Amino acid sequence: MKKTLKKIILALFAVILVLGAVSCGDKDDFVPAGYKRASNKNADYTLYVPESWIVDMSTGVTTARVSKSDSSNISFMGFELDKSLINSETSEGDTEEKSMLDKFWDYYSAEFLKTFPDMKYDENVNGKEMVISKKYKAKEYIYTATVTGAEYKFMQIVVIKGETVYLLTYTAKADLFDDHYDTAKKIAGYIEIK
């Protein structure tokens, strides 16, 4: 009887080890219903997009487009914050302390204007505060600009964590922007930054 009990205990222990190994596999703990992971497992962030979207990570920037016929897309990237660039851009007479997010956006948008001088902000959203990954302050900006002769509308959400800037960009032709804006906001809400 002792041998049988010992065999049963060993068998149960083996089953527990196998189940433990299976549960520690490559699966995400949380994937929103109807969404799929669109980020590399080694990235310090997790991005989810609708299952039907086409994901591309071949350029080093995570991108996903709505479909072959609709080029509306999301891109997400993280890069090192160069504080020397944004600290040198303080305007004369700027007496109030600006957040790092505001300083970054001032610099970034000034650079963007050099390429797209017709850039126009949606004043209802410009610099709207939000929280990403349940703990990081972020700001949302919406603007239009002409790209290769067509008017596009962009939503960008900027997050700064330590020395890293995370930038989520939703891009669509201006007349299609509203079709996927709510989905883009949901995608932003599901971002996890480690």
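Among residues of region 59-84 that are within 14 Å of His180 (Cα to Cα) and touching a residue at least 24 places away in the same chain (Cβ under 8 Å), those with a Cβ under 7 angstrom from a residue that is in a strand (DSSP E or B) and small (Gly, Ala, Ser), sequence gap 6+ or separate chain, pair up as Ser72/Ala172; Asn73/Ala64; Ile74/Ala64.
Return yes when Leu167 is among the aliphatic types (A, V, I, L, M) and buried (at least 16 other Cβ atoms within 10 Å of the Cβ) and no when it is not. So Leu167 passes the test.
Please indicate, with yes or no, whether at least one residue in region 129-144 is among the small types (Gly, Ala, Ser), out of contact with any Pro (no Cβ under 8 Å at 6 or more places or on another chain) and modelled with pLDDT under 90. Among the residues of region 129-144, at least one is among the small types (Gly, Ala, Ser), out of contact with any Pro (no Cβ under 8 Å at 6 or more places or on another chain) and modelled with pLDDT under 90, which makes the answer yes.
Filter region 48-67 down to residues that are outside any strand (DSSP E or B) and modelled with pLDDT under 95 and give me whichever is farthest from Leu101 (Cα to Cα). If we take residues in region 48-67 being outside any strand (DSSP E or B) and modelled with pLDDT under 95, then Ser58 is farthest from Leu101 (Cα to Cα).
Looking at Thr146, Thr164 in this structure, which one is of a type in the set (S, T, N, Q) and either within 9 Å of the chain's Cα centre (by Cα) or under 16 Å from Ser71 (Cα atoms) (or both)? None of the others qualify; the one that does is Thr146. Note on region 110-194: enclosed strands (runs of 3 or more DSSP E) holding 3 or more residues that are touching a Lys or Arg at 6+ places or on another chain (Cβ under 8 Å) and without any contact (Cβ under 8 Å) to a residue 60 or more places away in the chain are 128-132, 136-147, 150-161. Of the residues making up region 172-194, those that are among the β-branched types (Val, Ile, Thr), within 22 Å of Asp70 (Cα to Cα) and surrounded by fewer than 21 Cβ atoms within 10 Å (Cβ to Cβ) number 1.
Looking at this structure, is Ala150 of a type in the set (A, V, I, L, M, F, W, C) and within 15 Å of Met77 (Cα to Cα)? No; evaluated as a whole, the condition is false for this residue. Among the residues of region 72-89, the one identified as surrounded by 14 or more Cβ atoms within 10 Å (Cβ to Cβ), among the hydroxyl-bearing types (Ser, Thr, Tyr) and assigned to a loop (DSSP other than H, G, I, E, B) is Ser72. Taking the conditions (1) within 18 Å of the chain's Cα centre (by Cα); (2) modelled with pLDDT under 85 in turn, Asn124 satisfies each one other than (1).
The values are calculated or read from the model by the stated rules, or taken from the named source; none is laboratory data. All figures in this text were calculated on a predicted structure; none of them were measured in a lab. Because the Cβ atoms are built from the backbone with ideal geometry, glycine has one as well, and the counts that use them run over all protein chains shown.
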